[in-house]
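Since every read-out is calculated from the coordinates, none of them should be taken as a lab result. Predicted model only: the values in this text are computed from it and were never measured. Every residue, glycine as well, gets a Cβ built from its backbone with ideal geometry; the counts of neighbours run over all protein chains shown.
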Amino acid sequence: MTDVVTAAELDLVRAHARAERGRRRTAFLLVAPLFVFLIFTFLVPIGDMLRRSVVDTDVASVWPKSVEILRAWDGAGEAPATLWPALAADIRTSASADTVAVAARRLNYAVDGGRTLVMKAARRLAKVTEPPGGDWKKVFVELDEAWTKPATLTALRRAAGPTTDFFLLASLDLRKTDTGAVVSVPEKDAIYRQVLWRTFTVGGTVTLFALLIGYPYAFLMTRASKRVGAVMTVFVLLPFWTSLLVRTAAWIVLLQEHGIVNNLLVWLGILDHPARLIFNRVGVVVAMTHVLLPFMVLPLSAVMRGIRPETVRAARSLGATPWTAFRRIYFPQTLPGVAAGVLLVFISAIGYYITPALVGGADDQMLSWFIAFFVNDTINWGLAAALGVVLLVCTTVLSVVYAKIATGRRFA
Amino acid sequence: MQRNRLLLASAALAVVLGAGAAGAAGKLAVVSWGGAYQDGQKIIYFEPAKAAGIDMVDESWDGGVGVLRAKVQGGNAGWDVVQVESDELEIGCEEGLYEKLDFSKIGGADAYMPEAVHKCGVGAIVYDFVLGYDKDKIPADKAPKSWSDFFDTKTWPGKRALRMGAKTTLEIALMADGVPADKVYEVLRTEAGVDRAFKKLDTIKKDLVFWKSGAQPPQFLAAGEVVMTSVYNGRIDAANKKDKRNFGIVWNQALYTIDSWVILKGSPNMKAAYDFLAVAGKPENQAKLPNYIAYGVTTKASTALIDKARLPDLPTAPDNLAKAKMIDTEFWLEANDKLTERFNKWAAQN
């Protein structure tokens with residue numbers, strides 16, 4: 001209770017601080033490889049994805065002269081007259097360098113038939129070096145009137161980069177009009193909001209079923225004898241060790257129209273006709289719950305193992321019914337496990353694409369299916385990245401909200 | 001001690017990064033589709049290539065031009081020769097992911113069928129999307145003959161399967177609706193043509209299931225889950241040969257496509273790559289492929305060398321080829337994004 005610090009005490013404090021520093025440095029060095037690993041495998045790729053959703057340099061990389069003019073143009077009125085000769089020169093240069101398709105593809109995202117428009121121009125312009133009467137604009141009009149239409153020019157100007165909101169807007173079913181207002185795309189073209197909703201519905205349903213099955217399973221697993229517990233763990237881990245196609249084929253055998261499950265249900269008189277259980281939402285939920293169950297059971301059982309049985313016994317001895325003891329004493333202690341399991345399953349579920357693709361119908365595909373499609377099949381990486389950003393943002397928001405709720409309840 | 005550990009860790013990291021950065025010149029890496037197909041390729045191409053002194057290893061992949069783009073743009077492909085599908089060939093070529101091929105080093109362009117010659121790739125196999133059905137379930141006198149029959153749920157009740165996505169599905173719908181095969185893409189290029197295709201699909205929507213992996217359609221047929229399916233012809237043949245199935249193929253109105261070999265840009269093994277492609281382009285080697293899998297091959301001279309009894313099972317048998325329509329890569333390059341979105345939109349409507 002004194003403010004006076006003796007020299008000896010000060011030395012002690014310093015020595016302590018020194019030791020602490022050493023320990024901290026050791027700790028840091030130990031985690032450094034992991035840290036570097038995380039930077040390279042996690043932060044860099046995610047950063048790159050975020051960048052690709054807004055960076056738009058495809059056209060700029062192959063048509064530099066036109067892009068310079070397009071960037072300077074405010075989009076009002078006629079396109080600058082200098083655009084046409086520059087565009088002709090750029091198209092010719094890029095055609096001979098075999099890079100014109102890069103610009104063609106980018107324009108195609110925003111304009112129907114944009115690819116054909118550019119590729120046709122590339123073929124024709126290869127033969128024209130001097131325009132008749134020096135009028136390049138006329139050459140383009142004769143090629144295809146679409147070149148001078150506002151929609152084309154606006155799309156071209158917006159594709160000039162270096163950044164764009166085109167992909168992010170598209171991933172939310174939005175677009176910019178010629179005048180720059182952000183509007184929803186026509187109903188017939190809108191798709192991603194619906195897909196996003198579907199993704200969360202499927203993820204939520206799978207999480208719910210995984211919890212309903214996983215909670216009692218984990219409870220039994222922790223209560224069973226060592227040997228039975230080990231067998232139960234193996235059963236839960238089994239889907240991890242099975243090849244995806246084999247697993248899928250097994251579900252088809254079980255769930256198909258005249259499969260075991262349907263035959264059993266009809267034989268028992270529960271159904272009159274076989275129900276459709278696969279290649280629809282039912283199949284997706286069943287197969288995904290099967291695969292993701294370990295992510296629910298393992299954290300739950302880890303938490304349940306740490307719960308001291310005395311607490312429940314104490315509640316019972318104080319007169320609580322079994323249900324009350326469970327509800328008031330046991331269940332609240334498992335909440336951290338529930339939170340971890342729910343979060344793990346849900347976040348894994350909304351990223352799934354191959355299982356829904358194999359056992360789902362065409363209307364069961366989730367956001368990741370589209371990301372994979374754009375990444376791999378059509379290399380529209382801008383849109384793929386934008387859809388990835390949407391998924392990332394939703395996941396982050398949900399997990400923050402969820403963490404708030406979970407911790408709030410625990411300390412309440 | 002601590003410092004040593006760190007040193008070790010950073011050394012390990014350096015090794016990992018170093019291995020990534022150095023273009024591993026040396027063994028030629030040839031990448032194909034795996035499975036029974038690659039097993040056959042091993043015997044007829046890879047072993048003879050090794051015997052001819054080409055130091056090579058083979059790997060397999062699942063496709064996706066995005067994978068190649070990431071590899072080549074990442075600065076080190078690790079792969080040299082890759083077998084790609086037609087749209088991967090076209091997109092990758094436009095992106096500059098492949099070397100331009102010098103056909104004079106692999107037997108000359110004239111040695112190959114014209115569809116197999118591309119500035120960035122040389123055709124390896126020809127295969128078909130065909131209508132497949134189970135002969136044990138559909139008697140010969142009721143066998144389907146065209147995609148119109150595929151849409152006839154009165155005569156052939158039950159579910160049918162198509163590939164998930166717009167590609168091939170829309171062509172099939174239009175042919176079923178009476179559009180002649182050589183007019184399909186002309187019609188599909190119009191808004192009304194696309195509407196027409198979806199309208200036709202509407203007529204059997206409740207009976208349609210979709211497959212994603214090429215291994216699925218034979219499984220569906222075997223399980224009795226579907227009565228007819230679109231399927232790669234090689235898969236039907238394999239199911240008949242290996243699993244003793246009795247599946248039938250309708251060659252009429254088949255859609256065919258070609259997979260090609262490409263050399264990835266910046267390959268450090270260019271000479272070995274060409275030497276390998278020359279081995280894979282020898283008619284006498286190619287003519288052995290049908291012994292393992294029912295794909296057509298691409299050199300003109302090979303057809304004459306193929307067993308006459310086997311030829312009718314192949315997409316390149318003159319009779320079969322005459323009834324087939326080549327999938328228009330150019331069209332799909334332009335329309336795939338939009339039509340795939342439209343397809344999914346359609347699927348979600350009831």
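Where does the Debye-calculated log10 I(q)/I(0) of the range A:301-412 sit at q = 0.13 Å⁻¹, using only Cα point scatterers of equal weight, no solvent?
-0.69
What distance in nm lies between label points placed 7 Å from Cα along the C-beta direction at residue A:43 and residue B:110?
A separation of 6.2 nm, rounded to one decimal place.
Please compute the modelled spin-label separation between residue A:250 and residue B:57, points set 7 Å along Cα→Cβ, answer in nm with one decimal.
3.2
How big is the C-alpha Rg of the range A:58-162 next to the rule-of-thumb value 2.2 N^0.38 Å, as a ratio?
Here the answer is 0.95, to two decimals.
Tell me, for the protein assembly as shown, which Cys residues have no other cysteine's C-beta sitting closer than 4.7 Å.
Here A:394 come out as lacking a disulfide-compatible partner, given the Cβ-Cβ threshold of under 4.7 Å.
Any chance you could list the semi-axes, whole Å, largest first, of the equivalent ellipsoid that the Cα gyration tensor gives for chain A, using √(5λ)?
Working from the Cα gyration tensor, I get semi-axes of 56, 35, 19 Å.
Within a Cβ distance under 11 Å of residue B:167, other residues only, what is the Lys/Arg minus Asp/Glu net charge?
After counting each charged neighbour, the total is -4.
Which value, to two decimals, describes the C-alpha radius of gyration of chain B once divided by 2.2 N^0.38 Å?
1.09
May I ask you to derive the relative contact order of the range A:1-131, considering only C-alpha pairs under 8 Å and at least 6 residues apart, and to give it as an integer percent?
Relative contact order for the range A:1-131 comes out at 17 percent.
Which shape class, rounded, prolate or oblate, goes with the range B:174-319 when its Cα gyration tensor gives a ≥ b ≥ c as root eigenvalues, a/c under 1.5 marks rounded, and past that a/b bigger than b/c marks prolate?
Here the range B:174-319 falls in the prolate category.
At 4 °C and a viscosity of 1.567 mPa s, what translational diffusion coefficient does Stokes-Einstein give for the range A:192-411, taking Rh as the Kirkwood radius over Cα pairs? Give it in µm²/s as a whole number.
67
Before rounding to the nearest 500, sum -39500 (n - 2.57) across all DSSP H runs of length at least 4 in chain A and divide by the residue total; then give [θ] at 222 nm in deg cm²/dmol.
-22000 deg cm²/dmol
Translational D (Stokes-Einstein, µm²/s) of the range A:198-285 at 37 °C and 0.692 mPa s when Rh comes from the Kirkwood sum over C-alpha pairs?
215
Report the gain in length on full extension from residue A:57 to residue A:15: 0.36 nm times residue separation, minus Cα-Cα distance, nm rounded to one decimal.
Gain in length upon complete extension: 9.5 nm.
Could you tally the net charge around residue B:93, taking each other residue with its Cβ under 13 Å from the Cβ of residue B:93, Lys/Arg +1 and Asp/Glu -1?
-4
How many times 2.2 N^0.38 Å is the alpha carbon radius of gyration of the range B:258-302?
1.30
Just to be sure I understand the model, the point goes 7 Å from the Cα along the line to the Cβ. What's the resulting residue B:270 to residue B:168 distance in nm?
Distance between the two pseudo-spin positions: 3.6 nm.
Need one number: convex hull volume per residue for the range B:35-115, Cα atoms only, in Å³.
So the per-residue Cα hull volume is 129 Å³.
Find the relative contact order for the range A:58-162 and round it to a whole percent, using C-alpha pairs within less than 8 Å whose residues are 6+ positions apart.
Relative contact order, the range A:58-162: 35 percent.
What FRET efficiency, computed as 1/(1 + (r/R0)^6) with R0 = 56 Å and r the Cβ-Cβ distance, is obtained for residue B:145 and residue A:320, rounded to the nearest 0.05?
It comes to 0.15.
Pick out which of B:108, B:248, B:165 has the largest mean-square fluctuation in a Gaussian network model of chain B, springs linking Cα atoms closer than 10 Å.
Fluctuation is largest for B:108.
By the scheme Lys and Arg +1, Asp and Glu -1, what is the net charge of all other residues having a beta-carbon under 14 Å from that of residue B:179?
0
With viscosity set to 0.692 mPa s and temperature to 37 °C, compute the Stokes-Einstein D of the protein assembly as shown, Rh being the Kirkwood radius across alpha carbon pairs; µm²/s, no decimals.
Rounded to a whole number, D works out at 109 µm²/s.
Once the mean 1/r over all distinct Cα pairs of the range B:274-350 is inverted, what Kirkwood radius in angstroms do you read off?
For the range B:274-350, inverting the mean 1/r across all distinct Cα pairs yields 15.3 Å.
Restricting things to Cα coordinates, could you compute the convex hull volume per residue of the range B:68-169 in Å³?
174
Say we join alpha carbon atoms closer than 10 Å with springs in a Gaussian network model of chain A; which of A:276, A:105, A:175 then has the biggest fluctuation?
Judging by the Gaussian network model, the answer is A:276.
Taking every alpha carbon pair in the range A:1-55, what does the distance histogram look like in 10 angstrom bins from 0, in percent?
20, 22, 19, 16, 13, 8, 1
Relative contact order for the range A:192-411: what is it in percent, counting Cα pairs under 8 Å that are at least 6 residues apart?
Relative contact order of the range A:192-411: 27 percent.
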